[in-house]
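**Student:** Have a look at this one before I ask anything.
The values are calculated or read from the model by the stated rules, or taken from the named source; none is laboratory data. The shown structure was predicted, so the numbers you read here are calculated from the model rather than taken from an experiment. Ideal geometry is used to build each Cβ from the backbone, glycine not excepted, and the neighbour counts take in all protein chains shown. Note: accessible area is taken over every heavy atom of the protein model, side chains too, but ligands, DNA and RNA are not part of it. Shrake-Rupley method; radii C 1.70, N 1.55, O 1.52, S 1.80 Å.
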Amino acid sequence: MWTILRNRITTRTTTTMPCSFLAQFLSFPPLRSALFEPSPPPSPHHRHRHLHLRPLSSGFSGGGWSPAIRPFCSTSGCERRAMAGRLESCSSDPSSVSYLTQREAAEIDEELMGPLGFSVDQLMELAGLSVATSIAEVYKASEYKRVLAICGPGNNGGDGLVAARHLFHFGYKPYICYPKRTPKPLYTGLVTQLESLRVPFLSVEDLPPDLSTEYDILLDAVFGFSFHGAARPPFDDILRRLIGMRKSDQTNKKSPVIVSIDIPSGWHVEEGDISGEGIKPDMLVSLTAPKLCAKQFHGPHHFLGGRFVPPPIAEKYNLRLPPYPGASMCVHIGKAPQVDISAMRENYISPEFHEEEVDADPIKQFCKWFEEAVAAGLREANAMALSTAGKDGKPSSRMVLLKGVDEDGFVWYTNYESQKGCQLSENPWASLLFYWESLNRQVRVEGSVEKVSNEESEKYFHSRPHGSQIGAIVSKQSSIVPGRQVLHQQYRELEEKFSNVNLIPKPEHWGGYRLKPELIEFWQGQQSRLHDRLQYRPQEIDGRQVWKIVRLAP
């Protein structure tokens, strides 16, 4: 993505929450000298330097590499391709986006680096972080731990170095092949950062003959959208080896996945893989907006990264860019890959969970795990699946929120006239399930259910936000409503009615339930499906009730 900025790169506790505070807590809610012959420089305001690659007989047809801008195509050609790109963006696909021509990509970079005030190192950091988060979205460190980042001498290589640093902190084991280092302070700083993390740097000679035996992910950060012509040593041989990865697939030998940054190395920025014999990456991470060559990308995962395009740029170039979810630095674009549900699996890697390490009291053990889920920053760690059944024995499940836990049991609040409320009145037994995905943990709870006291329900009801109190009155939960507008109308009427009321009365049909556990099971995911399952059941010993802990087969 990035190109060399001429004359602009200068020198240069975890806390936990005591379980006793659970209810209170829950109520609140970013070199060219050895390889290239330079053409006359562009405008001094331009970030890019036109580069002409000395031709070789390696057979590689153009592409793009990050540290420079490719020669502009003719205006008419660019306009035709731009129009084709706009029209060919599948309008029926909600994830369709705009594709940039070479000229547009260059102009956007120039504006970002000029009047919009971005610096090369700032954009490189955002780009590298986007690449790392895209990889983490698809290729979990538990199964794709070993990453070889092959970095070219320009800004695309810089993106790869930044991505490798973030991947290290995400739990991957990166290795760097950086054969033509750039002596600019920005790049030497990135190398120093990786060396401080003890990330190994490998020469081309150090690489194994068969890359598939040593690595799970090959990060293609060699050439960006400025590259054209044929690659020179040692990159010609490296690209041949990357291309050879697909041939090894045909021999049923496991092959690492290939992730390309912005442009698959060796591709033409607009025409793509002209020869049809270039790299076939499994993932392409486009930066700013996809380039026209991305239309020829047929791998399963196409991500857009960067999240730095300001509205003036989007409006000027009529860019259609998808919204980024939450705080993510990347978003999946293009058609969703075909999914083989039967092949979906996760090889869990967790600390072993031993009987001698757990608390004798399952409520205390639950509080310990809950505190760790909160400390890990999990969204709604108190979310739990509640399963109930009426007198007909037909079970139903839904997600509710835990609002309290103590030695008496687990508490949640709801409408007593809802489906679950009706089922509990007929059959006062239920089960709860907590699932904390990033910790590879589940907790299952079974037991009898009773309503909490009216005083307890009143206290919690009035601790809720004003709008939630009105919502509880409006919603006749599980009953049929003619349309959403009816709920909004009733809400507005009650909002006006209670506008000057300090204490909104709790409806009689609303309150809490408490499940008194008779079984609690703690599940910790492990490799090869040899999961840890420790189950607590009450038993009477010498006239007093104690909890017996047993291990269950996974």
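**Student:** Suppose all protein chains stay in the model; what accessible area per residue would a 1.4 Å probe give for region 102-332, in Å²?
**Tutor:** 36
**Student:** Here's something else I'd like to know. Hey, rough spin-label estimate for ALA343 and SER478, points 7 angstrom out along Cα→Cβ, what's it come to in nanometres?
**Tutor:** 4.2
**Student:** Based on alpha-carbon atoms only, what is the radius of gyration of region 362-551 relative to the globular estimate 2.2 N^0.38 Å? Please report the intermediate quantities before stating the final value.
**Tutor:** Working: Rg = 19.0 Å, N = 190, 2.2 N^0.38 = 16.2 Å.
Against the empirical 2.2 N^0.38 Å value, I get 1.18 for region 362-551.
**Student:** Roll a 1.4 angstrom probe over the protein heavy atoms and tell me the percent of accessible area of region 362-551 that is carbon or sulfur. Kindly include the intermediate steps, with their values, before the conclusion.
**Tutor:** Numbers: 5020 of 10400 Å².
Reported share for carbon and sulfur atoms: 48 percent.
**Student:** Ok, one more. Nearest 20 debye, what's the magnitude of the dipole of region 102-332 about its Cα centre given +1 on Lys and Arg Cβ and -1 on Asp and Glu Cβ?
**Tutor:** 460
**Student:** Simple spin-label model, 7 Å along Cα-to-Cβ: LYS516 to GLU407 in nm?
**Tutor:** The answer from the label model is 1.4 nm.
**Student:** Highest mean first, how do 494-501, 387-394 rank when packing is the count of other Cβ atoms within 10 Å averaged over residues?
**Tutor:** The packing order, highest mean first, is 387-394, 494-501.
**Student:** Now for a separate question. Given R₀ = 35 Å, what would the calculated FRET efficiency be for SER397 paired with GLU195, taking r from the Cβ atoms and rounding to 0.05?
**Tutor:** 0.10
**Student:** Additional query: For region 308-385, run through the trypsin sites (Lys or Arg not before Pro) and keep only the ones in DSSP coil with at most 10 other Cβ atoms within 10 Å of their Cβ.
**Tutor:** Taking region 308-385 and a limit of 10 other Cβ atoms within 10 Å, the loop trypsin sites (Lys or Arg not before Pro) found are ARG345, ARG379.
**Student:** Taking R0 as 41 Å, what's the FRET efficiency between LEU116 and GLN296 from their Cβ-Cβ distance, rounded to 0.05?
**Tutor:** 0.85
**Student:** Filter LYS364/LYS394; LYS420/LYS459; LYS145/LYS316; LYS140/LYS368 down to the pairs with a C-alpha to C-alpha distance above 30 Å, please. Present the calculation step by step, with values, prior to reporting the outcome.
**Tutor:** Numbers: LYS364/LYS394 32 Å; LYS420/LYS459 22 Å; LYS145/LYS316 41 Å; LYS140/LYS368 26 Å.
In this structure, LYS364/LYS394; LYS145/LYS316 exceed 30 Å between Cα atoms.
**Student:** Right, something else. First compute the accessible area of region 102-332 with a 1.4 Å probe, then give the percent of it belonging to carbon and sulfur atoms.
**Tutor:** In region 102-332, the share of accessible area belonging to carbon and sulfur is 53 percent.
**Student:** In region 102-332, if the dipole is taken from +1 on Lys/Arg beta carbons and -1 on Asp/Glu beta carbons about the Cα centre, which of ALA163, CYS293, GLY276 is farthest to the positive end?
**Tutor:** Among ALA163, CYS293, GLY276, the one farthest towards the positive end of the dipole of region 102-332 is ALA163.
**Student:** At ASP206 and LYS548, where each label point lies 7 Å from the Cα along Cα→Cβ, what is the point-to-point distance in nanometres?
**Tutor:** 5.8
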